[in-house]
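Visitor: Handing you this structure, nothing more for now.
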Amino acid sequence: MYVKIFSDIIQSSIWAEDAETCKVWITMLALAQPDGLVRAMAPGISNEARVSIQKTREVLVLLESPDLEARTADNDGRRIERVDGGYMVLNYLKYREMQDEERRRELTKLRTRSWRERKH
């Protein structure tokens, strides 16, 4: 699967956490299905991230908790929610839609440039 990581992630409160926390978060984003579902529990995430199970569980608690420093107020800053079969990345679709909109703008820009070049 493919996930676009927006550059502003380095300005997020998650980036202020330790490296293992960031690694678990990025791993979860990489594992997420197109709807934002991560079909894994702590042991699987731990294995994929190459982070201890104890630390992975701590990170999952952090990601499920409200974050007063989050840049968006969505879900009180919570990043994930436990669901049947794994975890849902709560703002996954929001960022996916931003990606799609960005891609549409890029394609329109390319088509316009091509049209102008052909016209001249």
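The values are calculated or read from the model by the stated rules, or taken from the named source; none is laboratory data. Remember, predicted model here, so these are calculated numbers, not experimental data. As a convention, Cβ positions derive from the backbone with ideal geometry for all residues, glycine included, and neighbour counts pool all protein chains shown. Just the protein is used for accessible areas: all its heavy atoms, side chains included, with ligands, DNA and RNA removed. Shrake-Rupley method; radii C 1.70, N 1.55, O 1.52, S 1.80 Å.
Visitor: Mind jotting down the three principal axis lengths of the chain based on Cα atoms? Whole angstrom, largest first.
Guide: 63, 28, 26
Visitor: Looking at the range 20-120, which trypsin sites (Lys or Arg not before Pro) are DSSP coil and have at most 13 other C-beta atoms within 10 Å of their C-beta? Could the numbers behind the result be given before it?
Guide: Values: sites: Lys23, Arg39, Arg50, Lys55, Arg57, Arg71, Arg78, Arg79, Arg82, Lys94, Arg96, Arg103, Arg104, Arg105, Lys109, Arg111, Arg113, Arg116, Arg118, Lys119; in loops: Arg39, Arg50, Arg71, Arg78, Arg79.
Loop-located and lightly packed - Arg39, Arg50, Arg71.
Visitor: Further question: Spin-label point model (7 Å from Cα, Cβ direction): what's the Arg111 to Glu64 distance in nm?
Guide: Simple spin-label model gives 4.5 nm for this pair.
Visitor: How far apart, in nanometres, would the label points at Arg71 and Lys4 be if each is projected 7 angstrom from Cα along the Cα-to-Cβ direction?
Guide: 1.5 nm
Visitor: Let me ask something else. What part of the accessible area of the range 35-120, given as a whole %, is carbon or sulfur when the probe is 1.4 angstrom? Could you put the intermediate results ahead of the total?
Guide: Details: 2920 of 6080 Å².
About 48 percent, which is the carbon plus sulfur part of the accessible surface.
Visitor: Straight-line reach from Lys55: which lysines fall under 21 Å, measuring Cα to Cα and dropping same-chain residues less than 8 apart?
Guide: Partners within reach: Lys23.
Visitor: Using DSSP to call loops (not H, G, I, E or B), can you name the GluC sites (Glu not before Pro) in the range 1-83 whose Cβ has at most 13 other Cβ atoms within 10 angstrom? Working shown, then result.
Guide: Details: sites: Glu17, Glu20, Glu48, Glu58, Glu64, Glu69, Glu81; in loops: Glu17, Glu69.
Here the sparse-neighbourhood loop sites are Glu69.
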